[in-house]
Every structure is written in C-alpha cells, then in structure tokens.
Amino acid sequence: MKDAAPQTIYLSDYTPFGFVVEEVHLTFRLAPTSTRVLSRIKFAPNPDATDKTFFLHGEDLKLIAAKIDGKPADPKVTPEGLTCPVPDKPFVWEAEVEISPQTNTALEGLYMSNGMYCTQCEAEGFRKITYYPDRPDVMSVFTVRIEGPHPVLLSNGNPKDSGDGWAEWRDPWPKPSYLFALVAGDLVNFPGAFTTCSGKDVELNIWIRPGDEGKCAFGMEALKKSMRWDEEVYGREYDLDIFNIVAVDDFNMGAMENKGLNVFNSSAVLASPETSTDMNFERIEAIIAHEYFHNWTGNRITCRDWFQLCLKEGLTVFRDSQFTSDMRSAPVKRISDVIDLRGRQFPEDQGPLSHPVRPESFQEINNFYTATVYEKGAEVIGMLKRLVGDEGYAEALELYFARHDGQACTIEDWLKVFEDVTGRDLTQFKRWYSQSGTPRLKVAEDYSDGTYTLTFTQMTPPTPGQDEKLPQVLPIAVGLLNPNGDEVVKTTLLEMTEAEQSFEFHNLASKPVPSLLRGFSAPVVLDRTASREEQVFLLAHDTDAFNRWEAGRNLARNSLMAMVRDGAAPDQAYLDGLGALLRDDDLDPAFRALMLSGPSQSELAQALFEDGVTPDPDAIWQAKETMADTMAATFRDLLPKLAFEGKVTDAYEPNAEQSGKRALGAAALSLMTRLDGGEAAQKQFDKADNMTLQLSALSQLIQAGKDAEAVQAFHDQWKDDRLVIDKWFGLQIGAAQPDQVVDRAKALSAHPAFDMKNPNRFRAVFGALAMNHAGFHRKDGAGYDLLADWLIKLDAMNPQTTARMCSAFQTWKRYDTDRQAKMKAALERIASQPKLSRDTTEMVSRILG
Ligand code: PHE
Ligand code: ZN
C-alpha cells in the first residue's frame, strides 16, 4: 500500500543517483500468483553524485533473498523500497522477489490480461517488478530470461536464445526501467518486414489473441509508413533487428513505447472495415506512428526526470501530427487538433488542474499525463518551429539527435540546441514551459493614410500557484484581405514579446480585413469582437483554411450564445454563409463536414462563463437542438446533394478522401434525421457494410429515439467483438437525450457484459456519461452521484484510470451554486473514502482547490 500522507516531489530537488548501473540481468519464472523475479545488477559509484545512499525503489514486492557480491546483504525494507549498506566500489546486487500478476488490477507493473502476461512500467511501474533505481536518468543494458509454459515469450531488444519453455532477450541500447517490457502468452503474430534506409532488414510483428488476425493489416501498413517517414523527414533509422507490437485488452492508456516491444491497448491497434470507424483508423495510424517515433524521441533520448515529460511527449505528439498531416489533409488535421486542444486542454488550463507544460511539483506522476503536457507541449514546439523557420528547426533537430543520443535530458538541453543553431535567445520563450494558463490576446486596429496598425494586448489570468504572469512570445500569423476578398498581404509572422505591441502595414489602398492567428499559430484565446459582417466575409474569402473554418465557428458560437442568453433566433447571416460554403463542391468534403460541426456544449458553457453568464446546461442543449433543427430546415433542399457527395461507391478504404466523404454524408444524415424521423438512418443502418456507416446510422437512430430495434440488432451482430461492444455501450449513453443518460448508464453498468476491471469498458460507460454535457449535469445531481459512486468503486482496483476520470469534475466552478454544491459534495464524498489512492487523492484535492 502507498503512503497515507502523500509526499510532494519538486523539480528543484533533482539530484543524480549515487550509482551507475552497468548491466541488468533479469530472470522471470512466471506463475499467476507467485511469479519469481531474479535480478543481477552491476552497480558502480557515480562520480557525479554527492548523495551516496543506496536506495532501490520497490512496491508490493515480497523479498525472498538479497545478496551483494554473492554474500547475503542486509537491506532495510520499507513500503517504498529498500536501503542497504554497500561497498565503495563496483559491486553486484542480486535479489529474488515474488509478485502476483494475477491479482494486479491496477495494470501497472507485471499483470495478466485474458490469460496473458504483460507489463506497463511507465512511469513508475518497474518498482512493482523488482527492486531498482526506478528513475529515467538511470540507464542500462538489459538481458532478460523468461521461463514459462507459453508459446510466445517476448522482451525488449533482439532475441538472444530460446528453448522449450524459455527465451532470452538482449537489448543493446541503454534504457531506463520505464521502457522495460515483457509479454508472455498464447499469442499469434501478424508478420511484416521492413528494410531500413541503410539496407538493414527488420522483422515486424503484431502479436494478438487467436481470432484477431483479420484486424492487423492496417496497423502493419501504418507501422511501415511511420518507419519510412521518420527516415525521410527526420533522418531517423530503426536500430534493432526486430520490432514487436502487442495488443492487450486491459490497458490504462492508448499505448506504450517500450524499446522494441510496443504494447498497445487493443483499441489502438486492431482494426477492420467491418468493426472500426474511419476515426478509429485515423487514430490507430497516429498512435502507431506516435509510439514508433518515441524510439528516437523518448527512448534513444529520454527524460532526466518526470518533470521533463513534455520533452518526449510534446515532441512526439508534434511529430505524429506532422505525420498525419503528410499522410492525410494538413488543414483538416490542424482543425481537428485545435478542436481537441480547446475541448481538452483549454478546460484544464483554465481550471483548478492548470499546470505548466513542465510542472514543477507533483504527488503522483501518473496524474501529469495530461493534455497540457502532450497537446500544449506539442503546440509549444509548433510555435518554436514557426519562429525559427523550417530550416532552423531541421538543423536544431539534427543537433539534438547528434548531441544527446543516449542521454537523459531536460527542456534546457532541448532549447539550447535551438539557441546554438539559430543564435536566438530563448529565455523569454521558455516561459511557455513554466507559465500555466491560456493567454488571452486582445486586438485593436487603426487605419489612416494607407497605414494599417494592429495593436495586440496579451494577458494570462492567474492560475493555481501562479498569481503573476509575464508576457510570452507569441507568433501571430496574419494575412490581410481587401474588401473585394483579394489577399493584399500574404501570411506574415508577427512576433509579439511585449504585454502590448503594435505592428504596421503600409501602402494599403483601403482598410483591410485582417485574418488573425492563421493556422492557430499560438495556443491562445483570441479576444476580438470582430463584427458579424467581417466573420461572414472571412468565411467566404479567407485563403487560410483554418481561419475560414474559424470564422464559421465564431459565427456559430456567437449565435448560440445569443440564443442561450437572450433567446435570440439562429443567425441568418451565418446560415447563409454556411450554405454558400456547403454548396461549393470544390471544397474538400471533410472540410465541409467540419464546417457543419458547431462548438460543443462544454465549449459554449465555458464561453458563457467567461462572458459573465452562468451556463445552464439544459438551455445550451436546447440552443444546439434549435440550431440543428433550423439548419435542417434551411438546408432541406441541399441535403440530398450533400448525401450524394458523401457517398462512396468504391470498395471501402480508410483513407482521407473516402473518410472525408463519409464524414460529410454523416453530417447530412444527422440533419436529415431531424426531417424524416430516422427513415434514412434506418435504411443506412440496414444496408451498412462498414462500421463507419453502421455506427453513424445507429447514432442518429438513438438521437431520434428510434433505437430499440437497432440497438438490439447491433448487439446481436457484434456480441463477440469486445471492441465493437465498447462502442455499443458508449453510444447508447453518448447519443442519448439528456434526461435518459443517467438511467441508461445505470442500466448498462448492470449489463452482464459490463466489466469494470476493463478500462475500455469502464470508460465506454462512464466516460460517455461524463461527456454527455446536459446529461451529466442533470439538475438533480444524479449524474454526479452516479459517477462518484463508480469512481469510488474503481479506485480500489485501478487508481490511475480513476484519477484520470475525476477530471470530469474539473469545470465545477463554472456552474450555478446548486450544481456547484452537488459537484462539490460528490468530490468530497470521494475524498473522504478511507483508503483512497494517492492518485485520486491528489486529483480530487486539486480540483477542490
Ligand atoms: N508514454 C505513452 C505514450 O504517450 C503513454 C503512457 C503513459 C502509457 C503511461 C502508459 C502509461 O505513448
Ligand atoms: Zn507518447
């Protein structure tokens, strides 16, 4: 059990470990409740360290024996690890411990999933496997022997030797313990091969449970594309003889980049047209790329300590978005990323959980695998690249790899390569790593005598622990259009460094219309009261795809806010502009589908809150309904055309072109359903031969309340496919009318196929509950209570997933006093549980503030 009084760890307290690890040998004798782990580790005093305490982490381990240089050692064991007297020279530490993978429901360390053994060591799971300096700056080469009656026995690196009931692996690349992995089970492989740029042949495998062979082809192609792309774009070649991916059903996160042995949540790798949607395919391609790219940004160059997490995650997310932009449509990817950033990172950064991209303290590091570290961390790199230019960025990365290969690094190391290559001083830029909160950018304009002046003011509201904010470096991409819609100033990068700063444009024949923050060039809130006419103009004319979309989004948001606030009718100018755009069949269908998706209810709640209006979830839901009904009526004659353009006649391919069309078709269907009561949706459901069409039809039938038969039919068709059944659980709650959401979540949690030990299934039900804005925020608090009940139950089994899901409550201070009181009571009830985990304790206390 973890310590009752949680300790806070500080970045400023970093000290190197007193010893270096020269070699690690591990032997696993697998048994479900009594696995033996034997370690033989060569330590030597670390000349760079002052603290020479020999402390090894270890949790939930039964120590059987410990030796130093072959003689019995005298360790002092605590719940967190052990200390031991050691000689003042190199020595060999040996230990034997016993662990119980079968009863490990936290899914950290060595655990079992469907009869197979697997590991998850990031961030601090290795200490649940054996005693070790479980910190990322301690790197070593590992040799691993696995003994067990399983046909497949895998670990990191290259296969060394094997026989009946055993296998040995050796990883030649020094790595920290968090990248260790072991997999054993009755698995089959989907094979592949790749020849690297220097002509080395690499064996590829996706390891799965028998029966899943038909769901691997796409993932394998994605892996090969990722390997090629990293060679071509970043000059990074793969460095082992073999690359293994394993699909695991029970997994807390998406996937894990263990050296040479990536472990994936099965939902993040397995796919087939019949069982997966276009969105699933795109996500899988991105996650496979992400984990593969970690081989260089994360594994070859790793983090000195967990405060530096964004060093690998921000960079790797940035790299995987570049990859997706190259493989698919760059503007569509950018728009999707910004939707995601605003949907997940902004609420975090603007609420009680706000923390810097590089946090300065934590109690439980698992709680910092956040949208801020990942997605804002990637935005920061995007800004850096804009500021130094593509060439500067490429040179800086070359230097980063050359200088730091094999090291455990910091954000200071990262920024230094950019400074050395470009000669820039990045001292101020570094505030992006240390200052939390979303900057707000105000704009004023002036035009006289042919000179157009933009004056920007930046301000970041205070966040927990940071009352004072300093100005940040903001790259602001701007273009100017003249009143005819011609671009008179092409995209120009303004570099703002002051709290207030003006920029002039000369020789303009008339007052231009500005297109600001093109491509969302900085992760800020643009506070601009642009006129409705101007937004409509940009919606029609902007040459920057992102800002064209943004103009439509702004119009939609403003209209919806006016509907909620003053009972206004939907904005006709917006609908006209949108209609013109939808009719333009030169425009990418995916882009048009995105234009049809308005701001989420949660985004509207935040916008109203910032406007001084207490958001009423029912009124927001009603406004969205009215808007959709009005769109359906307004575009009545256009819908058949959109549906037609959304049809794919070729054989199913999950590529950008086809999925863009299907997205447009789905958007059209959702409006159509408001007119025909579900007739078209039922037809599509009956004929569907791929999951994208089947699921979008089912979603419409659920929203229309015509779902009884389809829900049953879907279940009967897919009851043996766990990933599809996750969708079945989730959609019935996610697409339900608000007043049904809580009852459905209750009923589904009593369904025989509900299994709270499986994070995917738990999230399918309770993640969907939390995401259905009006349903979760039901006035009587039943949504809050139900979620709290289940989080309390789950915490005893799986603290990591419980703590992550507590963030459903992070926006509690936005709402009316009544709802606030109910959410606070739910949070306090969680907090008062006697054996609450460290993970959940930290999250709940931060949210309560
Ligand atoms: N490092 C993983 C990734 O981003 C995420 C992860 C973190 C997985 C912690 C498991 C546990 O790819
Ligand atoms: Zn990652």
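Computed values, structure above
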item: Subset of region 501-549 that is of a type in the set (S, T, N, Q) and under 33 Å from the mean Cα position of the chain (by Cα) - its residue that is surrounded by the fewest Cβ atoms within 10 Å (Cβ to Cβ); result: 529
item: Region 256-289, residues that are under 29 Å from residue 17 (Cβ atoms) and either within 13 Å of ligand 1 (Cβ to nearest atom) or assigned to a strand (DSSP E or B) (or both); result: 256, 257, 258, 259, 261, 262, 263
item: Condition broken by residue 460, with the remaining ones in (1) among the polar types (S, T, N, Q); (2) within 30 Å of residue 540 (Cα to Cα); (3) surrounded by 18 or more Cβ atoms within 10 Å (Cβ to Cβ) satisfied; result: (2)
item: Single residue of 612, 579, 598 found to be out of contact with any helix residue (DSSP H, G or I) (no Cβ under 6 Å at 6 or more places or on another chain) and closer than 12 Å to residue 561 by Cβ; result: 612
item: Residues satisfying the stated conditions in region 367-404, i.e. of a type in the set (D, E, K, R) and touching a Phe, Trp or Tyr at 6+ places or on another chain (Cβ under 7 Å); result: 385
item: Qualifying residue in region 325-348 (condition: within 16 Å of ligand 1 (Cβ to nearest atom) and either more than 15 Å from the chain's Cα centre (by Cα) or of a type in the set (Ser, Thr, Tyr) (or both)); result: no
item: Region 355-372: number of residues that are under 16 Å from the mean Cα position of the chain (by Cα), small (Gly, Ala, Ser) and more than 15 Å from residue 438 (Cα to Cα); result: 0
item: Selection count, region 232-276, where residues are of a type in the set (D, E, K, R) and closer than 15 Å to residue 205 by Cα; result: 3
item: Residue in region 564-609 that is surrounded by the fewest Cβ atoms within 10 Å (Cβ to Cβ), counting only those that are without any contact (Cβ under 8 Å) to a residue 60 or more places away in the chain and of a type in the set (D, E, K, R); result: 586
item: Failed criterion for residue 771 (all others in (1) surrounded by fewer than 24 Cβ atoms within 10 Å (Cβ to Cβ); (2) touching a residue at least 60 places away in the same chain (Cβ under 8 Å) hold); result: (2)
item: Options 365, 288, 284, 339; residue that is surrounded by fewer than 24 Cβ atoms within 10 Å (Cβ to Cβ), on the phi < 0 side of the Ramachandran plot and within 16 Å of ligand 2 (Cβ to nearest atom); result: 365
item: Filter pass, residue 373 being β-branched (Val, Ile, Thr), closer than 25 Å to residue 139 by Cα and free of Cβ contacts under 8 Å to residues at least 24 places away in the same chain; result: no
item: Options 353, 387, 415, 426; residue that is more than 16 Å from ligand 2 (Cβ to nearest atom), under 19 Å from residue 253 (Cβ atoms) and out of contact with any Gly (no Cβ under 9 Å at 6 or more places or on another chain); result: 353
item: Some residue of region 333-346 being touching a helix residue (DSSP H, G or I) at 6+ places or on another chain (Cβ under 7 Å), of a type outside the set (Phe, Trp, Tyr), in contact (Cβ under 8 Å) with a residue 24 or more places away in the chain and not in a helix (DSSP H, G or I); result: no
item: Tally of residues being within 15 Å of ligand 1 (Cβ to nearest atom) and either in a helix (DSSP H, G or I) or touching a Cys at 6+ places or on another chain (Cβ under 9 Å) (or both) across region 290-306; result: 8
item: Near pairs, Cβ below 8 angstrom, 6+ apart or cross-chain, from region 830-849 (over 11 Å from residue 803 (Cβ atoms)) to any residue that is at pLDDT below 95 and of a type in the set (A, V, I, L, M, F, W, C); result: 835/1
item: Cross-chain or 6+ apart pairs with Cβ under 9 Å, region 51-73 first and without any contact (Cβ under 8 Å) to a residue 40 or more places away in the chain, then among the polar types (S, T, N, Q) and surrounded by 15 or more Cβ atoms within 10 Å (Cβ to Cβ); result: 52/46; 62/100
item: Condition check for residue 313: part of a helix (DSSP H, G or I), surrounded by 22 or more Cβ atoms within 10 Å (Cβ to Cβ) and away from ligand 1 (no atom under 15 Å from the Cβ); result: no
item: Residues satisfying the stated conditions in region 170-220, i.e. surrounded by 15 or more Cβ atoms within 10 Å (Cβ to Cβ), acidic (Asp, Glu) and part of a strand (DSSP E or B); result: 171, 203
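The values are calculated or read from the model by the stated rules, or taken from the named source; none is laboratory data. Keep in mind it's a predicted model, so treat the numbers as computed, not measured. Neighbour counts are summed over all protein chains in view; Cβ atoms, including those assigned to glycine, are modelled from backbone coordinates with ideal geometry.
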